[in-house]
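The structure appears below as structure tokens.
Taken together, the values in this text are just the output of simple stated rules run on the coordinates, not laboratory data. In this text the structure is predicted, and so the values were computed from the model without any measurement. Here Cβ is always computed from backbone atoms with ideal geometry, including for glycine, and neighbour counts include all displayed protein chains.
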Amino acid sequence: MNGKDYTISLNIQHRIRFTRDAFSGDNRMLEKLLTDEGGRVSKVLVFIEHAVAEAFPELETQVEDYFAASEGLEFRGVRLDAGAEECKRDEQVLQRVWDAIEEEKVDRHSYVLCIGGGAFLDVVGFGAATAHRGVRFVRLPTTTLSQDDSGVGVKNGINAFDKKNWLGSFAVPYAVINDFNFLHTQPEGIRRDGLVEAVKVALVRDPAFFLWLEDNVKSLFELKAEVLEEAVERSAIQHAEHIAQGGDPFETGSSRPLDFGHWAAHKLEQLTDFDLSHAEAVSVGIALDTVYSWKTNRISEKDAHRVLDILDNLGLPLYHAAYELRGEDGRRKVIAGLEEFREHLGGQLTVLLLKGLGEGEDVHELDEALLDECILYNKAYEEK
Ligand SMILES: NC(=O)c1ccc[n+]([C@@H]2O[C@H](COP(=O)([O-])OP(=O)(O)OC[C@H]3O[C@@H](n4cnc5c(N)ncnc54)[C@H](O)[C@@H]3O)[C@@H](O)[C@H]2O)c1
Ligand SMILES: [Zn+2]
């Protein structure tokens, strides 16, 4: 028998920038990032989500003017399309992304630049990752959640078989530009709810950030621009650092701390036919796994209440009626989320619980009766 194991080492840049007015004439940061130092001209094709184009009526022209003034880049136009969760299950949107990439002859040395919320970025990102086996993808996230979490991540995906992100790939974007200006036009609920991922990342890896979030919860609830931006930036950096330095950027292992609270969240999103947003569902899921952490003596009652209170003070839910949905065997349907979470990841079931406010611990089994007790606890706590 012949054969040998080869090691393929990858060294990938994950470029993350924070700015304002990325397309104003005197902000050439984006141009510098995309321009090839060797003088080769690269094409740029831009996708903008409808809702963002509506909130910023000048944006399309600004983008056009910006690239018209860039010598090293060949602008191939702007395509507007629909976003929000619906676009992740509408195959037409993905098809239009592929069509545009083909029509504009975008190749692996060209850029697809995408401006929109997390759902839109996921679809366009999947289109870009699969066209020609991957064209360069630049994200400009426009929601709190996509700037503080998903946009700086290395995944894309669309829904299939009624399941979240069943189709998708790991693909490190060429660059991520968090332009704070986009944050302030989102509907208030969405602007606030996206902070749940900041709470999550603080809980699993940054105790000082959790304290800061607690101290600033009132201003965050009021959506004071400065604190919102600081929360977004700190959260984005924590997410990026975990991905770059956590040792498992493409999630080949079973442990996924950034998915704290997400096993129940994904199932609740599905059970509500995505009526419950990702952010709201994550809040309910964090509340559940936090109380479970307390009931299994990993954290104190007081600390569990601090977590429930910060979510509540941000106007986020701790409980949802979809918990009441039961299968023929009488079991809560949400419990099936545990098995689906394991299937999605493969390998051994691994769920992160808290052993401090800023520190997690992987476990491989959850007790159904205790989960039930925690769900009821959160229902009562929310009603108080
Ligand atoms: N790829 C990943 O790693 C990853 C991680 C976490 C979440 N996600 C996905 O992200 C999605 C949620 O993203 P989201 O919270 O950004 O929601 P979203 O993309 O659904 O956007 C929320 C709403 O805000 C609108 N909008 C977006 N930006 C706006 C702006 N600046 N002004 C006005 N309106 C604006 C959108 O049209 C939409 O109606 C989910 O599909 C979730 O699964 C992906
Ligand atoms: Zn999430």
Open item on the list: With the structure loaded, tell me whether GLU58 is loosely packed, with under 14 Cβ neighbours inside 10 Å, within 16 Å of ligand 1 (Cβ to nearest atom) and farther than 30 Å from GLY38 by Cα or whether it fails that test.
Closed with: yes
Task: Residue satisfying all of: in the range 183-201; more than 16 Å from ligand 2 (Cβ to nearest atom) and buried (at least 21 other Cβ atoms within 10 Å of the Cβ); farthest from ASP149 (Cα to Cα) among these - done: GLN186
Task: Subset of the range 2-28 (residues that are exposed (fewer than 14 other Cβ atoms within 10 Å of the Cβ), of a type in the set (A, V, I, L, M, F, W, C) and closer than 15 Å to VAL172 by Cα) - done: LEU10, ILE12
Open item on the list: Quick test of your reading of the structure: ALA175 fulfils all but one of (1) touching a residue at least 60 places away in the same chain (Cβ under 8 Å); (2) within 15 Å of ligand 1 (Cβ to nearest atom). Name the failing condition by number.
Closed with: (2)
Open item on the list: Name the residue that is farthest from the chain's Cα centre (by Cα), counting only residues in the range 349-369 that are over 17 Å from LEU338 (Cβ atoms) and not in a strand (DSSP E or B).
Closed with: LEU357
Task: the range 129-157 - residue that is among the aliphatic types (A, V, I, L, M) and either within 16 Å of ligand 2 (Cβ to nearest atom) or assigned to a helix (DSSP H, G or I) (or both) and, of those, farthest from LEU258 (Cα to Cα) - done: ALA131
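Can you report the number of residues in the range 243-282 which are outside any loop (DSSP other than H, G, I, E, B) and either without any contact (Cβ under 8 Å) to a residue 24 or more places away in the chain or within 12 Å of ligand 1 (Cβ to nearest atom) (or both)?
Just the residues of the range 243-282 that are outside any loop (DSSP other than H, G, I, E, B), to begin with: 243-245, 257-259, 262-271, 278-282.
Going one step further and asking which of them are either without any contact (Cβ under 8 Å) to a residue 24 or more places away in the chain or within 12 Å of ligand 1 (Cβ to nearest atom) (or both), we end up with 243, 245, 258-259, 262, 265-266, 269-270, 278-282.
Residues in the range 243-282 being outside any loop (DSSP other than H, G, I, E, B) and either without any contact (Cβ under 8 Å) to a residue 24 or more places away in the chain or within 12 Å of ligand 1 (Cβ to nearest atom) (or both): 14 in total.
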Open item on the list: For a quick check of your reading of the model, give me the residue pairs whose first member lies in the range 98-123 and is touching a residue at least 12 places away in the same chain (Cβ under 8 Å) and part of a strand (DSSP E or B), whose second is crowded, with 23+ Cβ neighbours inside 10 Å and charged (D, E, K, R), with beta-carbon atoms closer than 7 Å and at least 6 apart or on different chains.
Closed with: CYS114/ARG139; ILE115/GLU49; GLY116/GLU49
- [ ] Taking the residues in the range 145-169 that are charged (D, E, K, R) and within 8 Å of the chain's Cα centre (by Cα) as candidates, determine which candidate is nearest to ligand 1 (Cβ to nearest atom).
- [x] ASP149
